[in-house]
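Heads up: the structure comes next, in structure tokens.
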Amino acid sequence: MQRVYFDNAATTPVSEEVIQAMIPVLRELYGNPSSIHAEGRAVRALLESARKTVAHAIGASTADVFFTSGGTESNNMAIKGAVRDLGVQRIISSSTEHHCVLHTLETVEKEKGIAIVWLPVDTLGRVDLDALEQYLADGQGLKTLVSLMHANNEIGTMLDLDRVSALCRQHGALLHTDSVQTVGHFPIDVNKTPVHFLSGAAHKFHGPKGVGFIYINPSSTIKPLLDGGAQERNMRGGTENVYGIAGLAKALELAIAHMEDRSRYIRELRSYMIDQLQAAFPGVRFNGDYTGNSLYTVLSVSFPPSAKNELLLLSLDIAGISASGGSACSSGAEKGSHVLAAIGADPDRKSIRFSFSHYNTPAEVDCVIGKLREILPAPAAIL
């Protein structure tokens, strides 16, 4: 059975060009980049070339880019480092952040006594920026970090990062943005939109898993999260994942070069799926700001109440379609989505996240619609 993969927000297939870029590193460039001999210097050159690629992609200096194991490490590094090394006493965030941010906030609140301020979100998942402005103005002299994701990984609603950046500058707050879902998909320029910390992960733009990066503004130097050797200019101990970093750089290079074409194609594909779903299931709805400022790779679909809903995601999987409930799963059992709860979604409806890449096709959308018709009989689908 030919499977249909619509879970690109979870991870993307690795591009063939990326695989080909990684193979020579695995086979031939085996030196340790910290070694001073020829083999080490060759790998060091590759590492710094990759750093230059990332820096160029986000408008940063190479000195401000550090490779990590991915978004979770980068987000932990930013938040915990800001608390430990920059005197942060208060963090403003939202309840719709990724779990790696939410759990990190819980940790610094419990262990360090950091005050956590939660911003309201509306029914579309938009953060209340007027409330942010008010909280920043009423800071009572507390050193503040604002931690908000650039685009929500479950419903796609995007943050007005320009406005948030301006507010933080106006009130002297630090800004961390989890941009894992947007790096490689939207233009990002930390010169035009200043932030103090920004994170990315290769596997969200057709690179390998287990490798990412953090941008750290030179005005906000922190100490390492992982102690060890002098790797990453003393910022992250441990021998670098060189072949992964090579793959990240190639994937990002391709993503930036083809961003306009890929974006246009995926937007059209997403619109096609919206039209087909609305025609097939009159009671269907969509979560998030899907017609507004939204992540074009994500479509969170809310199906009407039905006896079939409980096993809908599993039924799609059996039918050869990979999608997501929008929330992490543990031991194969679906958990409720904290994002859907935060926006007040109807718990009797079933939400499925379909997320796209340029590898998907209209024929695959047609396949999904056909399978959904089989799984959800018309009378149940239009309740």
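Computed from the coordinates by the stated procedures, all read-outs in this text should not be read as laboratory data. Keep in mind that what you see is a predicted model, and the values were worked out from it rather than measured. Here the Cβ positions follow ideal geometry from the backbone for every residue, glycine too, while neighbour counts run over all protein chains shown.
With the simple spin-label model, which puts each label point 7 Å out from Cα in the Cβ direction, the Q278 to S322 separation comes to 3.0 nm.
Amide hydrogen proximity for R353: with H placed 1.01 Å from N in the peptide plane, the residues at 5 or more positions away or on another chain lying under 5 Å are V301, S324, G325, G326. Cα centroids of the range 59-134 and the range 153-231: 10 Å apart.
Simple spin-label estimate for A166 and E48 gives 3.9 nm between the two label positions (7 Å along the Cα-to-Cβ direction from each Cα). Name the shape class, rounded, prolate or oblate, that the alpha-carbon gyration tensor gives for the range 165-241, where a ≥ b ≥ c are the square roots of its eigenvalues, rounded holds for a/c under 1.5, and otherwise prolate holds if a/b is larger than b/c and oblate otherwise. Note, shape of the range 165-241 comes out oblate.
By definition, a body whose alpha carbon gyration tensor gives a ≥ b ≥ c is oblate when a/c is 1.5 or more and a/b is not larger than b/c, and the chain fits this oblate description.
Distance between the modelled labels on L142 and Y359, one decimal in nanometres: 4.5 nm (7 Å Cα→Cβ projection).
In the chain, the DSSP-assigned H stretches of four residues or longer account for a calculated mean residue ellipticity at 222 nm of -12500 deg cm²/dmol, using -39500 (n - 2.57) per stretch and the full residue count as denominator.
Compute the acute angle (0 to 90°) between the alpha-carbon long axis of helix 242-257 and the principal axis of greatest extent of the alpha-carbon atoms of the chain; round to the nearest 10°. Taking the Cα atoms of the chain, the angle to 242-257 is about 60 degrees. Ranking of S179, S220, S294 by neighbouring Cβ atoms within 10 Å, starting from the fewest: S220, S294, S179.
Summing charges over all other residues whose Cβ lies under 13 Å from the Cβ of T297, with Lys and Arg as +1 and Asp and Glu as -1, gives +3. For the chain, the relative contact order is 23 percent, taking Cα pairs closer than 8 Å that sit 6 or more residues apart in sequence and dividing their mean separation by the residue count. Over all other residues within a Cβ to Cβ distance under 13 Å of N153, the charged ones net out to -2, with Lys and Arg as +1 and Asp and Glu as -1.
On a 0 to 90° scale, report how tilted helix 71-85 is relative to the longest principal axis of the chain, with both axes built from alpha carbons and the result rounded to the nearest 10. For helix 71-85, the angle is close to 50 degrees. When K250, K192 are sorted by how many other C-beta atoms sit within 10 angstrom of their C-beta, beginning with the fewest, the order is K192, K250.
Within the range 16-257, what percent of beta bridges assigned by DSSP are antiparallel, to the nearest 5? Counting only bridges with both partners in the range 16-257, antiparallel ones make up about 40 percent. In this structure, the pairs whose alpha-carbon distance is over 30 Å, taken from K80/K204; K143/K209; K110/K192, are K143/K209; K110/K192. Here the range 255-370 is treated with +1 on each Lys and Arg Cβ and -1 on each Asp and Glu Cβ, and its dipole about the Cα centre works out to around 140 debye.
Angle between the Cα long axis of helix 362-375 and the longest principal axis of the chain, 0 to 90 degrees, nearest 10? Helix 362-375 sits at roughly 50 degrees to that axis.
Under 1.5 on a/c is rounded, so check that first for the range 11-102, then, if it is not, pick prolate when a/b is larger than b/c and oblate when it is not; a ≥ b ≥ c are the square roots of the alpha carbon gyration tensor eigenvalues. Prolate.
Placing a label point 7 Å from the Cα of L26 along the Cα-to-Cβ direction, the residues of the range 230-253 with a backbone N closer than 14 Å are 242-248. Summing Lys and Arg as +1 and Asp and Glu as -1 over all other residues whose Cβ lies under 14 Å from the Cβ of L124 gives a net charge of -3. The length gained on full extension between S35 and A10, counted as 0.36 nm times the residue separation minus their Cα-Cα distance, comes to 5.4 nm. Put in order of Cβ neighbour count within 10 Å, fewest first, the listed residues K204, K52 become K52, K204.
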